[in-house]
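Take a look at the structure below.
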Amino acid sequence: MIATESEFAPFEFKILIDAKDSFVGADIELENAIADTLGVDVDFSLMSFNNVLASVTSGKADIAIARVSVTDERKKAYDFSDAYYEAENVVIIKKSDEATYTTLESLAGKAVGAQKGSIQENIAKDQLPDSSLVSLTSNGEMINELKNNQLQAVVLGKAIAEGYVLQNDDLMIADMTLESNDIDAYAVALPKEQAKI
Ligand code: ARG
């Protein structure tokens, strides 16, 4: 059983194919390839991202493939495969705020969203210490709140952010650089002490 989320394009998301709900994306391809190599059937357990790692701890899932970032903190609780992707994190704002939010400091006192349980929460805490962090379960909801002015900015992985910006004319990636302390590398998370895949 593989723990993942279903609202994280282009990596794992649902689309209609021939009027049928299908679960697709780069991580799904990876999951299928691993299952093929091992000669096992793959089964997904879809959940919100903040439950993905916990389900590996509890044994509800065997592994997690959900663009999970490798961090020192997580390494204490999980084993990780070799990293299969390196990412940057960015800040999304409304285009109409382009002239207002030009630096990380300009977001002081503003509401900044990050997905619950993600490293983007920590990035926001560390690098936007004067902003007020709003943790939300769903990235889609977070983007809606940004569009409705409930949030002034959102911290997201670059590829995901680019997808939202492409689909939403009123949004843009802000011209400000988040310094990631570590390289943000994604890997498969496994329970500790299991053989590596
Ligand atoms: N890379 C970030 C992390 O591990 C966020 C991953 C979110 N993944 C998802 N499928 N929603 O914390």
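The values are calculated or read from the model by the stated rules, or taken from the named source; none is laboratory data. Here the structure is a predicted model, which is why all the values come from computation and not from measurement. Cβ: placed from backbone, ideal geometry, glycine included. Neighbour counts: every protein chain shown. The area values use the complete protein model at the heavy-atom level, side chains included, leaving out ligands, DNA and RNA. Shrake-Rupley method; radii C 1.70, N 1.55, O 1.52, S 1.80 Å.
A few comments on the model shown:
- Long-range HN-HN contacts of ASP184 with modeled amide H, under 5 Å: ALA87
- For the chain, built as a Gaussian network whose Cα springs stay under 10 Å, the top-fluctuating residue of ALA87, ALA66, ALA33: ALA33
- Helix screen, the chain: no DSSP H segment has Cα axial length of 20 Å or more and mean Kyte-Doolittle hydropathy at least -0.5.
- Per residue accessible area in Å² of region 17-153, where ligands, DNA and RNA are left out and the probe is 1.4 Å: 51
- Computed lengthening from ASP62 to ILE183, 0.36 nm per intervening residue step minus Cα-Cα distance: 41.0 nm
- Relative contact order for the chain: 29 percent, from Cα pairs under 8 Å spaced at least 6 residues apart, divided by residue count.
- HN-Hα J in Hz across region 6-22 - Karplus 6.51, -1.76, 1.60, θ = phi - 60°, x for Gly and Pro: 10, 9, 8, 5, x, 9, 7, 7, 9, 9, 8, 10, 6, 6, 10, 5, 10
- Legend: residue pairs LYS20/LYS125; LYS125/LYS192; LYS95/LYS192; LYS20/LYS116, Cα-Cα distance threshold 32 Å; pairs beyond threshold, LYS20/LYS125; LYS95/LYS192.
- Rounded FRET efficiency, nearest 0.05, which uses the C-beta distance separating THR37 from THR102 and R0 of 45 Å: 0.40
- Length-normalised contact order of region 40-117 in % [C-alpha pairs under 8 Å, at least 6 apart]: 35
- DSSP-defined beta bridges in the chain - what % are antiparallel, rounded to 5: 65
- Inter-site label distance for ARG74 and LYS95 at 7 Å from Cα along Cβ, in nm: 3.3
- Take the Cα radius of gyration of region 63-197 and divide it by 2.2 N^0.38 Å, N being the number of residues; the result is 1.09.
- Region 129-182 - percent of accessible surface contributed by carbon and sulfur, probe 1.4 Å: 40
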